[in-house]
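The values are calculated or read from the model by the stated rules, or taken from the named source; none is laboratory data. In this text, all values refer to a predicted model and were calculated from it rather than measured experimentally. All Cβ positions, even for glycine, are placed from backbone atoms using ideal geometry, and neighbour counts span all protein chains on display.
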Amino acid sequence: MLPRMTVLSISAAFLLGLCFLSGCATPVGVDKISPREAYINTYTNPLNSAVLSDSSKFVLNRYNLLKQFKKDPAATIADLHEKALHDDRGDILYALAEATYLYGSQLGDSSQKNDQSLAPDYYLLSALYSFYFIKEQHVSQRLNIFDHRARTAVDMYNFGLWQAFATGDAEGLVLKTAERKLPFGSISITLDTTQLTWEIETVEKFLPADQYSVRGVSVRNRISGIGLPLITILKNNGKRASSMPVAASAILRVQGDLTDFNDGTARAVLELYSTQDAASTTTKNGFEIPIESDLTTPLAYGLEGSDLFDLGLMTFLGRKSSRIPDGLYMMEPYRTGKIPVVFVHGTASNPVWWAEMINTLRFDPRVRENYQFWYFVYTSNKAVVNSAGELRDALRDKVCTLDPQSEDPALQQMVVVGHSQGGLLTKFTVVDTGDKLIRALTGKDLDALQMHEEGKAKVRNLLVFKPLPFVKEVIFLSTPHRGSFRSKTWNRNLIRWLVTMPATMIQNSLYYYEYLTDDVKKLLGGKKSFFTSADGMSPKNPLLIALAEIPLATGVRGHSIIAVKTDGDPKLGNDGVVEYSSAHLADMVSELVVDSGHSSQLNPLAIDEVRRVLLENLEAFEKD
C-alpha cells in the first residue's frame with residue numbers, strides 16, 4: 001500500500017494533468033491582450049486607475065508591506081517614510097508619492113468628514129515626495145530620460161497641488177502663506193506673487209483648470225511642464241465682458257530635503273505665475289523647466305453663461321437690449337510691452353465668434369508672450385460710419401488712458417482684425433477720407449453744403465476720418481468692401497422694417513436726408529427714411545464704393561482673407577454672403593483665399609494666416 005503523501009502527490013499530478021488536457025490556466029502564465037490593454041497595464045498608476053503601479057508594488061513587496069497597505073494605508077506609509085529616511089534608494093520616494101496620492105483619494109471619497117479633512121494633507125505629501133524624487137537629492141538611484149516614473153511623478157506633483165490646497169469651505173483654492181502640519185513632518189509655505197502681472201488683492205479666487213472639461217473649441221491648449229494650471233477670477237468682474245478670467249499656474253518650490261521635512265524645518269515657496277507671460281521657470285543652477293499651463297480653460301470658463309452670447313440677431317434687430325455696453329474690452333489686464341490685437345465682429349454677431357481664433361493664436365509662444373487681445377462690441381444695426389466712429393474713439397481713448405506719456409511703443413504697433421462689417425469698421429481706422437465720403441453722399445464738398453456750422457461740424461465728425469497713427473496692421477476677413485450681393489432692395493426694406501432704432505438716430509438720419517443726392521435717396525426707397533447697416537451693405541451704396549477706392553494710409557500694412565465656396569475659379573465665387581470681387585482690394589500686402597463659408601474666422605487656414613501676419617508684425621516691431 002502506497003504511503004498517504006505519495007497518494008496525494010499522484011492525485012495532484014493527475015489533477016494537474018487533467019487541467020493541461022482540458023485547457024485550464026496554470027497558476028503562473030500569460031494571457032494574450034491587445035496593444036491598448038498592454039499600454040494601460042504598463043502605465044497603470046493612482047492617477048489613471050486608482051491602483052499602485054508595478055514600480056510601487058515592487059517597493060512595498062520588498063519590505064513585505066504590500067498586504068499591509070491594503071489593510072492599513074496610513075501605517076504602511078509611516079513605515080515606508082521611516083525607511084526613506086535611512087535608505088537612499090529613490091524608488092522609495094516614488095512609492096511614497098503613489099501611496100500617499102492613492103490614500104488621499106480614498107480619504108476624499110470617504111463618507112466620513114474626518115477622513116475627508118485629512119485628504120489634502122496626504123495629497124500635499126504626494127506632491128512633496130514627488131518633488132524629492134524628481135529633484136534626486138541624496139538619492140543613489142538616478143533617473144534616465146526614458147523612465148516613465150519621472151513624468152508620472154510630475155503629474156502627481158501637479159494634481160497633488162490641486163487637491164492639497166482645496167482646503168477651504170468655499171469654491172476655489174486656498175493659496176496663501178501658511179504652516180502645514182502633516183501626518184509626519186511639517187512645512188512652512190510662503191506665497192510669492194512677484195511673477196503675476198496683476199495685484200493679488202484684485203483676485204477674487206483661484207480655480208484649478210483641470211477641474212473643468214472644455215467644449216465649443218477645437219483644441220484644449222495645454223503646455224506640459226511642472227505646476228498647477230489655474231483660472232484666475234478677478235474681483236467684481238466674474239464673467240462680465242470687461243475682464244475675462246486669466247491663466248496662471250502655481251509651483252511649490254521646496255527648500256531642504258526629506259530629513260529637513262521630517263524635522264519640521266523644511267521651507268517651501270508657493271510661486272504664482274501669469275502663464276500668458278511666463279513659459280518657464282529656472283532652478284538654482286540655471287536650468288530652465290517649462291511651466292504646466294492651460295490657456296483654453298480660463299477662456300471657456302469666462303464664456304460659460306456670459307452675457308456676450310446675448311449679442312446677436314435679436315440685439316441687431318433692436319428687440320433685446322444687451323447687458324453689455326458697446327465699447328472696447330481687454331481680455332486680460334494691460335501689460336506694458338505687449339502689442340494689442342483688436343478683434344471687431346460682424347453684423348448680428350458677437351465677440352464669442354473669435355474664441356476659436358484667440359484660443360489657437362495663444363498656443364503659439366511668440367504670439368502669447370508678445371501680444372494682448374482686445375475686442376470691440378458694437379450694436380451692428382447702426383450705420384457703418386457711426387460704428388466706425390465709436391471704434392476709433394474707443395481705441396484712441398484706451399491708448400491715451402493706458403499710456404498718456406506715450407512711453408509704450410508696443411501700443412503704437414496695434415493690429416486690428418475685422419470680420420464682415422467689422423472689416424469695414426477696421427478700414428476706417430487707417431484711411432484719410434478727406435471730403436470723399438461727403439461728396440459720395442451729397443455730390444458736394446462740405447464747404448459747399450448750404451448748412452449751418454453746427455450741422456457741418458456734425459457731418460465732419462461723422463464722415464471725415466484721419467488714420468489712427470498707432471494702427472500699423474489691418475486684417476480683413478470676408479469683408480464686403482463693395483457690398484454684399486445678399487443686400488438686395490427687398491432684404492434691406494425688410495430689415496429696415498424689422499429693426500427698431502433709437503429715436504435720436506432716426507432723427508439724425510432724417511435731418512441729413514435733405515442733403516443727399518437723388519441716387520442716394522433712391523437707394524433709400526425714394527422717401528424719407530433712416531439709415532441702417534443693411535443700407536451700408538448694398539453694392540450700390542456710394543459711401544461704400546468711395547471707401548473701397550481709398551487707399552490705406554502710408555506705413556499701414558493690409559491683408560485680406562477671402563472665403564469662397566466653389567470648385568471653379570475662386571475669383572468668380574462667393575462665401576454665401578460676400579463675393580470675391582467685393583472682398584478683394586488691390587493694395588493689400590497679402591491675400592489668402594480659403595475654402596469656407598462666410599464665418600471664415602473659424603477656418604484653421606485663416607487662423608494660421610492671422611498668426612503669420614502677427615509674427616511678421618512682431619518682427620517689424622523688433623527691428624525698430
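Results, tabulated for the structure shown:
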item	result
Unique residue being closer than 30 Å to TYR301 by Cα and over 34 Å from the mean Cα position of the chain (by Cα) when the list is SER105, SER110, SER186, SER126	SER110
Matching helices (runs of 4 or more DSSP H) fully within the stretch 401-474 where at least 3 residues are under 41 Å from the mean Cα position of the chain (by Cα)	421-427, 453-463
Complete set of residues in the stretch 359-403 that are of a type in the set (Lys, Arg) and either under 21 Å from VAL430 (Cβ atoms) or modelled with pLDDT under 90 (or both)	LYS382, ARG392, ARG396, LYS398
Output for the stretch 249-307, where each listed residue is under 24 Å from GLU179 (Cβ atoms), of a type outside the set (Val, Ile, Thr) and assigned to a strand (DSSP E or B)	SER249, ALA250, LEU252, ARG253, GLN255, ALA266, ARG267, ALA268, LEU270, GLU271, LEU272, TYR273
Tabulated pairs, the stretch 82-93, first not assigned by TED's automatic domain parsing to the domain that holds VAL59, second among the charged types (D, E, K, R) and buried (at least 23 other Cβ atoms within 10 Å of the Cβ), C-beta under 6 angstrom, 6+ apart or interchain	none
Cβ pairs under 8 Å, 6+ apart, first in the stretch 355-379 and of a type in the set (Asp, Glu), second part of a helix (DSSP H, G or I)	GLU356/GLN601; GLU356/LEU602; GLU356/ILE607; ASP364/ARG611; ASP364/LEU615
Within the stretch 574-615, tally of residues that are among the charged types (D, E, K, R) and either more than 22 Å from the chain's Cα centre (by Cα) or in a strand (DSSP E or B) (or both)	5
Complete set of residues in the stretch 426-477 that are surrounded by 14 or more Cβ atoms within 10 Å (Cβ to Cβ), polar (S, T, N, Q) and farther than 28 Å from GLU609 by Cα	THR433, THR442
Qualifying residue in the stretch 311-327 (condition: at pLDDT 85 or above and surrounded by fewer than 22 Cβ atoms within 10 Å (Cβ to Cβ))	yes
Extreme residue, nearest to PRO333 (Cα to Cα), among residues of the stretch 163-185 that are in contact with a helix residue (DSSP H, G or I) (Cβ under 8 Å, 6 or more places away or on another chain) and modelled with pLDDT under 90	THR167
The lone exception for LEU395 - which of (1) buried (at least 21 other Cβ atoms within 10 Å of the Cβ); (2) part of a loop (DSSP other than H, G, I, E, B) it fails	(2)
Residue match in the stretch 191-208 (condition: within 27 Å of ASP263 (Cα to Cα) and either in contact with an Asp or Glu (Cβ under 8 Å, 6 or more places away or on another chain) or part of a loop (DSSP other than H, G, I, E, B) (or both))	yes
Unique match (being of a type in the set (Gly, Ala, Ser), modelled with pLDDT under 95 and surrounded by 16 or more Cβ atoms within 10 Å (Cβ to Cβ)) among ALA84, ALA12, ALA25	ALA84
Residue match in the stretch 585-596 (condition: small (Gly, Ala, Ser), over 25 Å from ILE358 (Cβ atoms) and crowded, with 16+ Cβ neighbours inside 10 Å)	no
Residue pairs meeting the criteria (Cβ under 8 Å; at least 6 apart or on separate chains; first assigned by TED's automatic domain parsing to the domain that holds HIS81, in the stretch 172-194; second of a type in the set (Gly, Ala, Ser))	none
